[in-house]
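Novice: I'd like to ask some things about the structure below.
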Amino acid sequence: LPIHAEKDNEEDAELVQNYLNKFYAVEPDPNQLGWKINAETIAGKLQKMQQFFGLKVTGKLDNETLEMMKKPRCGVPDVGL
Amino acid sequence: YGFTLPGWKKNKLTYRIVNYTPDMSKEDVDKAIEKAFKVWSVVTPLIFTRIHKGIADIMIAFGTKVHGHCPRYFDGPLGVLAHAFPPGNGLGGDVHFDEDEDWTTGSAGFNLFLVAAHEFGHALGLSHSKDQRALMFPNYAYISPSEFPLSPDDISGIQSIYGSPPNAPDERPTTPTSPKTCGSQMSFDAITTLRREVIFLKGRHLWRVYPDNSEAEQELISVFWPNLTPGIEAAYENTKDQILLFKGNKFWVISGYQVLLGYPKNINTLGFPKGVKKVDAAVCNKNTGKTDFFIGDKYWRFDENSQSMEKGYPRLTVDDFPGISQRVDAVFQQKGLFYFFHGSKQWEFDPIAKKVIREMKSNSWFNC
């Protein structure tokens with residue numbers, strides 16, 4: 001069972017990384033009139049995402065946050081537009 | 001709501017459907033797209049015209065993974081369903097749907113009309129809203145296509161970019177229409193008491209009625225229970241100051257206005273056999289502590305004390321509730337009497353005398 005749980009964790013970690021990079025990692029770059037990837041930490045992006053969805057803002061991954069990330073959704077970023 | 005600047009500098013916009021999904025007939029895709037644009041045109045001065053070749057302001061296409069010159073890619077089934085670009089040239093205003101999803105006209109898979117209406121919001125300059133009731137909320141949520149999908153938040157957002165529709169005749173409502181409780185054909189999906197009030201549910205809406213003063217308060221279900229899907233099919237108040245809400249084969253227990261952890265659960269945990277897929281209506285008789293679940297023309301009885309189904313059920317509803325011969329949409333108990341609803345009619349029933357006392361209109365509880 002531990003091995004399975006480990007694999008789950010890896011998949012979840014990758015999902016979280018992908019999700020935050022896709023929807024919470026862009027911000028307007030006035031110099032280039034386009035977007036750039038911001039240098040925020042994962043915790044910072046997680047807080048932004050939790051704040052956006054009205055979840056408990058902890059900057060830490062919890063079940064509720066992970067469940068929200070797994071819901072089917074639109075591919076446009078949530079912040080930075 | 002949020003928006004990107006600038007919006008389109010013109011009110012007359014063109015769109016072109018570049019290709020189709022094999023999941024739906026071309027006719028259904030055309031209809032869904034047209035209807036999705038209408039959602040926005042009825043609340044703004046915008047007019048959308050379809051073209052069949054050349055470059056339109058809003059180019060609409062289905063693609064998978066890496067598709068054409070789009071800088072964003074899709075991710076296979078689920079996950080990202082579609083994306084769009086804010087107003088502008090080139091990719092600006094374009095909308096792409098992930099062909100790896102199951103596109104439908106109903107509640108199965110992903111409803112193309114609903115997703116398209118959301119993406120067209122982006123194509124017109126709106127960004128995502130934090131308001132869970134808004135169409136521009138990022139996560140997919142099915143609502144009956146017969147309901148107007150824009151929330152007040154969406155309308156404020158788009159009208160802050162383009163203004164309101166010109167004073168056209170009233171077929172262009174600027175505010176979402178919700179069911180008219182005094183309409184002659186008014187019916188309800190589910191009804192429950194909650195302490196001294198009676199809660200009527202239909203689609204995304206609920207009404208709270210305080211029998212001793214006849215004013216009804218209307219609200220969106222998602223205001224109370226953001227995580228619940230609309231279209232609750234049955235509801236009842238048990239003996240522990242809780243209400244149970246049913247949809248399909250799932251049910252939620254709510255205490256106060258909080259959904260208890262660990263829900264939804266499957267209705268077979270209540271003791272229904274596997275073949276039972278949904279509950280039409282339910283009522284707990286406060287005098288006996290027994291709950292009756294009505295499904296089709298039969299009913300099951302559940303003992304709230306032992307938390308188990310009674311033996312010898314299901315039974316035919318009409319055998320034990322003479323006069324209640326139609327499928328029950330909703331039922332609740334008030335001052336000992338049961339009120340059974342079917343379509344626009346309701347029947348006041350005395351469970352002790354076992355007879356219908358009178359027939360009324362379903363909306364008799366609203367000061368019509």
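Novice: Projecting each Cα onto the charge dipole of segment B:248-325 (Lys/Arg +1, Asp/Glu -1 at the beta carbon, about the Cα centre), which of B:Ser308, B:Ala281, B:Phe251 comes out farthest on the positive side?
Specialist: The one lying farthest along the dipole's positive direction is B:Phe251.
Novice: Taking the Cα centre of the protein assembly as shown as the origin, how large is its charge dipole in debye, to the nearest 20, when only Lys and Arg (+1) and Asp and Glu (-1) carry charge on their Cβ atoms?
Specialist: 720
Novice: Along each of the three principal axes of the Cα atoms of segment B:210-296, give the extent in whole Å, ordering the values from largest to smallest.
Specialist: So the three principal-axis extents are 42, 32, 25 Å.
Novice: A further question on this structure: Say the dipole of segment B:194-262 comes from +1 at the beta carbon of Lys and Arg and -1 at that of Asp and Glu; which of B:Leu194, B:Trp225, B:Pro211 then lies farthest toward its positive end?
Specialist: B:Trp225
Novice: Quick one: in chain B, what % of C-alpha pairs are over 36 Å apart?
Specialist: Of all Cα-Cα pairs in chain B, 34 percent lie more than 36 Å apart.
Novice: How much of the pair distance distribution for segment B:43-196 lies past 21 Å, counting alpha-carbon pairs only, in percent?
Specialist: Across segment B:43-196, Cα pairs with separations above 21 Å total 55 percent.
Novice: I would also like to ask the following. Running a GNM on chain B with Cα contacts under 10 Å, which residue among B:Val115, B:Val283, B:Val318 ends up with the highest mean-square fluctuation?
Specialist: Per the Cα network of chain B with a 10 Å cutoff, B:Val318 tops the list.
Novice: Helix-only mean residue ellipticity at 222 nm, chain B, DSSP H runs n ≥ 4 weighted -39,500 (n - 2.57), per residue, nearest 500. What is it?
Specialist: Taking each H run of at least 4 residues, the total per residue is -3500 deg cm²/dmol.
Novice: Take the Cα gyration tensor of the protein assembly as shown, multiply each eigenvalue by 5, square-root it, and list the three semi-axes largest first, rounded to whole angstrom.
Specialist: Ellipsoid half-lengths, sorted descending, are 44, 27, 20 Å.
Novice: A further question follows. Beta carbons within 10 angstrom, averaged per residue: use that to sort the peptides B:47-60, B:228-241, highest first.
Specialist: Taking the mean over residues of other Cβ atoms within 10 Å, the ranking is B:228-241, B:47-60.
Novice: If you don't mind, another one. Just give me a number: lysine pairs in segment B:292-368, eight or more positions apart or cross-chain, with C-alpha atoms less than 20 Å apart.
Specialist: For segment B:292-368, the number of qualifying lysine pairs is 11.
Where a number appears in this text, it was derived from the coordinates with a stated rule and is not lab data. Since the structure is predicted, the reported quantities are computational estimates derived from the model, not experimental observations. Please note: Cβ atoms are built from the backbone with ideal geometry, for glycine as well, and neighbour counts cover all protein chains shown.
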